[in-house]
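Novice: The structure that follows is given in the form of structure tokens.
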Protein chains: 2
Amino acid sequence: MTDLLLRNVRPMGGTATDLLVRGGRIAAGPAPAGTPVEDGRGLLLLPAFVEGHTHLDKTTFHLPDWLVNEVGPRIEDKIDTEREWRARTGHDAGVASLAMARAFLAAGTTRVRSHVDVDTSGGTRHIEGVLATREAMRGLQEIQLVAFPQSGILGRQGTDTLLDAALSMGADIVGGLDPCAIERDPVRHLDIVFGLAEKHGKPVDIHLHEPGTMGAFSLDLILERTRALGMEGRVVVSHAFCLGDIPERDRDGLLARMAALGVAIATTAPASRPVPLVAACRAAVVTIFGGNDGIRDTWTPYGSPDMLERAMLIGLRNNFRRDDEVAIAFDCVSAAGAKGCGFEDYGLEPGARADLVLVDARSLAEAVVTRPPRRLVVSGGRIVARDGALLA
Amino acid sequence: MTDLLLRNVRPMGGTATDLLVRGGRIAAGPAPAGTPVEDGRGLLLLPAFVEGHTHLDKTTFHLPDWLVNEVGPRIEDKIDTEREWRARTGHDAGVASLAMARAFLAAGTTRVRSHVDVDTSGGTRHIEGVLATREAMRGLQEIQLVAFPQSGILGRQGTDTLLDAALSMGADIVGGLDPCAIERDPVRHLDIVFGLAEKHGKPVDIHLHEPGTMGAFSLDLILERTRALGMEGRVVVSHAFCLGDIPERDRDGLLARMAALGVAIATTAPASRPVPLVAACRAAVVTIFGGNDGIRDTWTPYGSPDMLERAMLIGLRNNFRRDDEVAIAFDCVSAAGAKGCGFEDYGLEPGARADLVLVDARSLAEAVVTRPPRRLVVSGGRIVARDGALLA
């Protein structure tokens with residue numbers, strides 16, 4: 001039983017108060033005698049963050065040498081470069097993902113959804129690595145694994161069997177990838193993805209980079225299957241760039257269907273291409289949440305395991321300038337992320353798991369725009385990091 | 001005479017070497033006996049940064065209270081809100097700009113172009129404040145002032161006279177603002193702006209937020225006047241958003257004319273709207289350089305006086321992922337900024353002013369994507385900051 005009394009903290013930047021934790025959960029009422037006390041020094045209290053779309057297995061940020069990126073411009077260039085680099089270097093997804101998961105925890109993230117590569121080169125090696133990381137982090141950080149066919153399913157025979165194996169081994173979610181643009185046979189691709197979901201009784205999270213009407217067509221097929229298979233509330237579409245570059249009327253038609261089916265959107269809010277706008281999605285009552293995508297991997301040199309930085313980038317991408325808008329950007333990396341990914345017992349209300357972050361900021365908006373050091377990170381009521389450094 | 005021998009540094013991430021400074025400038029040859037030595041510990045050496053477009057006078061980042069942003073969506077809302085907020089709070093542009101200039105220096109920026117508001121409410125008060133800051137920073141940081149009619153010239157009688165006064169007082173550059181969208185009379189606006197430039201023999205830097213063909217029309221008029229008045233190489237267009245949302249053929253036609261006239265572009269590379277793409281501008285041999293725009297002011301809560309962060313945002317906006325592309329993003333906040341603004345004696349070659357930054361990074365790209373603390377900042381050969389803190 002983990003008990004803690006956090007004295008003098010300002011939840012979400014509001015009035016200073018004390019926060020009681022009993023048995024690892026936020027509790028109401030007075031603190032029993034003997035409860036350990038931590039002085040919050042008037043710091044801003046936030047619920048610990050949710051990383052809704054990353055690739056723990058891909059990162060190179062823990063390696064001693066800087067990886068010089070010389071990759072070509074097409075998505076296929078990036079996929080091929082990565083597969084070849086891995087084969088050449090013997091990249092260890094277990095080591096990489098553990099280093100990244102720990103960095104996320106030190107920066108205040110206690111829930112992570114990670115897509116994890118499954119392909120005919122690496123087999124389920126990455127799944128094994130990230131499953132080991134999940135075990136190592138158990139009790140400190142909740143990690144969801146998406147079995148992700150990064151190199152496609154149809155072009156490499158045996159990938160469907162590997163995905164099936166990954167799900168049997170413990171992957172939580174069935175992944176998918178660009179049914180038209182990469183797979184070139186959307187029906188066959190989606191039938192495999194949704195077939196695996198049905199077989200294993202697991203949800204779906206599909207990477208959909210496809211632009212414009214092609215992406216809208218793939219999305220249409222995804223929604224059709226979500227309804228036909230009764231998978232309401234169990235499907236996420238990651239990126240959904242098409243929702244940023246089709247006419248608003250078409251976009252709103254798709255959003256209305258997504259809302260009715262409880263299909264959520266994971267966004268990284270990239271600056272360089274059209275994206276689903278957070279305000280439009282929320283107006284349509286579609287859950288949209290944030291993620292970093294890969295962090296310092298063979299795809300991109302950018303990224304940081306800091307969800308406040310991702311909230312800032314979501315705010316910048318969506319031109320969120322008002323404090324109430326910046327709060328929405330923060331929601332994308334906190335409550336909306338928990339809702340979209342299905343992480344339970346989230347938040348600052350009594351009964352929620354006591355996953356908490358303290359930062360030195362006057363307001364929630366300031367925390368997002370300045371991304372101050374994490375003074376304290378609490379997971380399940382236990383203090384796990386101070387001043388950015390893990391305690392264990 | 002400021003002499004210094006920087007031992008064991010890696011210029012731009014290259015091979016470790018020693019760098020000699022004599023009389024405040026980078027020098028070749030062996031160090032004379034008695035030259036003060038600083039151990040660079042193998043750190044990455046960069047030329048100090050150039051902030052090409054900011055508003056030192058507007059910031060609220062030094063104030064004790066967080067400014068809650070509740071401003072409306074239109075540019076006019078932001079202009080009016082700011083003017084009213086200032087009148088209400090007695091905002092001191094001198095104090096604000098000095099705090100911000102010092103923060104820029106601590107983060108490695110030794111050259112700054114600041115637009116400074118001139119309007120019928122504040123008169124030339126902001127110019128006076130930033131001129132005082134320029135004096136205070138003399139020898140440490142070079143600050144250019146643009147006399148900037150933030151509330152327009154035509155709608156507020158007397159603004160032209162105030163701009164004239166500001167230029168007589170020491171402002172270096174004539175500013176302008178959206179000749180069509182805000183001023184609603186592009187010819188009269190530009191005639192005043194270019195008339196002041198002619199009268200004072202000073203260059204021009206015009207804020208052009210106007211989108212699409214309207215912006216392209218204003219740009220066309222600006223280029224026409226640049227040629228007619230022989231102002232080649234003395235005009236900057238800030239933002240130039242229109243170049244991001246007109247057909248490529250039209251864009252390239254304008255870029256070709258800009259190249260021929262030596263008209264440069266200042267970009268903040270915002271994530272939320274079309275922008276001139278850096279690659280297209282450079283392909284057309286148009287100088288494009290970076291700036292933060294306002295930092296934590298009544299317009300926006302975002303921003304940081306860190307040009308490495310701006311380089312990262314430029315990289316993200318332009319989808320610069322390869323190391324050679326990230327180097328271009330850095331060029332926008334260094335050499336291209338110096339060229340576009342006309343800051344002289346810039347760079348790491350012998351003869352250049354010894355304005356230098358040391359950071360802990362394995363490569364230039366890593367410095368941009370991780371934005372590490374500034375271990376050392378040198379201005380004119382003098383060590384002015386260590387580990388992010390100014391020495392004086």
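Novice: What order do you get for A:Arg382, B:Arg188, B:Arg371, B:Arg111 when you list them from fewest to most C-beta neighbours inside 10 Å?
Specialist: B:Arg188, A:Arg382, B:Arg371, B:Arg111
Novice: Next question. When Cβ neighbours within 10 Å are restricted to other protein chains, what is their mean count per residue of peptide A:295-305?
Specialist: Going residue by residue through A:295-305 and averaging, the value is 4.
Novice: Then there is this: Kindly state, to the nearest 0.05, the FRET efficiency for B:Asp245 paired with A:Thr35, given R0 = 45 Å and r defined as their beta-carbon distance.
Specialist: Efficiency, rounded to the nearest 0.05: 0.15.
Novice: Cross-link candidates for B:Lys339: which lysines have Cα within less than 27 Å, leaving aside residues fewer than 8 places away along the same chain?
Specialist: Hits, sequence-local ones excluded: B:Lys58, B:Lys199, B:Lys202.
Novice: So, one more: Place the label 7 angstrom along Cα→C-beta at A:Ala392 and in each other copy, then list the distances from the first to the rest in nm, shortest first.
Specialist: Going from nearest to farthest copy, the values are 5.2 nm.
Novice: While we're here: According to the square roots a ≥ b ≥ c of the eigenvalues of the Cα gyration tensor, what is the shape class of segment A:49-341, taking rounded for a/c under 1.5, prolate for a/b larger than b/c otherwise, and oblate for the remainder?
Specialist: It comes out rounded by the Cα gyration axes.
Novice: Mind listing the long-range amide H neighbours of B:Asn318? Cut-off is under 5 Å, sequence gap 5 or more, other chains count too, H placed in the peptide plane at 1.01 Å from N.
Specialist: It is none; the list stays empty.
Novice: To continue, here is another question. Please express the shape of the protein assembly as shown as an equivalent ellipsoid: the semi-axes are the square roots of 5 times the eigenvalues of the C-alpha gyration tensor, given largest first in whole angstrom.
Specialist: 45, 30, 28
Novice: In addition: How many angstrom separate the Cα center of segment A:293-313 from the Cα center of segment B:225-302?
Specialist: Value for the Cα centre distance between the two parts: 28 Å.
Novice: Run the dipole for the protein assembly as shown about the Cα centre, Lys and Arg Cβ at +1, Asp and Glu Cβ at -1, nothing else charged, and hand back the magnitude in debye, nearest 20.
Specialist: Using only the charged Cβ atoms, the result is roughly 1080 debye.
Novice: Once each part is reduced to its C-alpha centroid, what is the distance from segment B:91-109 to segment A:120-147 in angstrom?
Specialist: The two parts, judged by their Cα centres, are 47 Å apart.
Novice: Point me to the residue of chain A whose C-beta lies closest to the A-onto-B rotation axis, rounding the distance to whole angstrom.
Specialist: Its Cβ sits closest to the axis: A:Ala271, 2.
Novice: Report, to the nearest 10°, how far helix B:93-106 tilts away from the longest principal axis of the Cα atoms in chain B, using its own Cα long axis and a range of 0 to 90°.
Specialist: Rounded to the nearest ten degrees, it is 30.
Novice: Right, next: Run the helix sum for the protein assembly as shown: -39,500 (n - 2.57) per DSSP H stretch of 4+ residues, divided by residue count, reported at 222 nm to the nearest 500 deg cm²/dmol.
Specialist: Helix contribution divided over all residues of the protein assembly as shown: -11000 deg cm²/dmol.
Novice: Next question. Inter-copy label distances at B:Val187, 7 Å along the Cα→beta-carbon direction, one decimal in nm, shortest first?
Specialist: In ascending order, 6.3 nm.
Novice: I need to check one value: relative contact order of segment A:49-341, counting alpha carbon pairs closer than 8 Å and at least 6 residues apart, in percent.
Specialist: Relative CO of segment A:49-341 lands at 20 percent.
Novice: Would you mind pulling out the separation of the Cα centroids of segment B:349-389 and segment B:1-73, in Å?
Specialist: Value for the Cα centre distance between the two parts: 4 Å.
Novice: One decimal, nm, shortest first: give the distances between the label point of A:Ala228 and those of the same position in the other copies, each label point 7 Å from Cα along Cα→Cβ.
Specialist: 6.6
Novice: Can you give me the angle between helix A:186-200 and the longest principal axis of chain A, using Cα atoms only, in degrees from 0 to 90, rounded to the nearest 10?
Specialist: On a 0 to 90 degree scale, this one is about 50.
Novice: Please give me the summed charge of the neighbours of A:His207: other residues whose Cβ is under 10 Å from its Cβ, Lys and Arg +1, Asp and Glu -1.
Specialist: -4
Novice: Rank the residues A:Val21, B:Val146, A:Val9 as a footprinting-exposure proxy: fewest other Cβ atoms within 10 Å of their Cβ go first.
Specialist: Ascending Cβ contact count within 10 Å gives the list A:Val9, A:Val21, B:Val146.
Novice: For chain B, with a Gaussian network of springs between Cα atoms less than 10 Å apart, report the residue from B:Val174, B:Val112, B:Val369 with the top mean-square fluctuation.
Specialist: B:Val369
Novice: Checking the a/c ratio against 1.5 first, then a/b against b/c, what shape does the Cα gyration tensor give for segment B:50-156?
Specialist: Since a/c reaches 1.5 and a/b is larger than b/c, the shape of segment B:50-156 is classed as prolate.
Novice: Shifting gears a bit: Can you list residues whose amide H is under 5 Å from A:Arg113's amide H, if they're 5+ apart or on another chain and H is modeled 1.01 Å from N?
Specialist: When sequence neighbours closer than 5 places are left aside, the close amide H contacts are A:Glu51, A:Gly52, A:His53, A:Thr54, A:Gln144.
Novice: Let me ask something additional. Quick check on segment B:134-264: take the gyration tensor over C-alpha atoms, sort the square-rooted eigenvalues as a ≥ b ≥ c, and tell me if it's rounded (a/c under 1.5), prolate or oblate.
Specialist: prolate
Novice: For chain B, set up a GNM with springs between Cα atoms under 10 Å and report which of B:Leu356, B:Leu63, B:Leu46 has the largest fluctuation.
Specialist: B:Leu63
Novice: How do B:Thr133, A:Thr298 line up, fewest other C-beta atoms within 10 Å first?
Specialist: So the ranking, lowest neighbour count to highest, is A:Thr298, B:Thr133.
Novice: Helix B:125-137 sits at what angle to the longest principal axis of chain B, using alpha carbons and giving 0 to 90 degrees rounded to 10?
Specialist: Around 10 degrees separate the two axes.
Novice: Right, something else. In nm, to one decimal, how far is the A:Thr213 label point from the A:Val187 one, both placed 7 Å along Cα→Cβ?
Specialist: Each label point is offset 7 Å from its Cα along the Cβ direction, giving 2.0 nm.
Novice: Quick one: which residues, 5 or more positions from A:Val384 or on another chain, have an amide H under 5 Å from its amide H? H modelled 1.01 Å from N in the peptide plane, none for Pro or chain starts.
Specialist: Amide H to amide H, under 5 Å and 5 or more residues apart or across chains, A:Val384 pairs with A:Val377, A:Val378, A:Ser379.
Novice: Give, as a single signed number, the net charge of other residues whose beta carbon lies under 10 Å from the beta carbon of A:Leu6, with Lys and Arg counted +1 and Asp and Glu -1.
Specialist: -2
Novice: What is the local net charge at A:Val275, summed over the other residues whose Cβ is closer than 11 Å to its Cβ (Lys, Arg +1; Asp, Glu -1)?
Specialist: +1
Read the figures in this text as sums done on the coordinates, not as results from a lab. Please read all numbers here as calculations on a predicted model, not as lab measurements. As a convention, Cβ positions derive from the backbone with ideal geometry for all residues, glycine included, and neighbour counts pool all protein chains shown.
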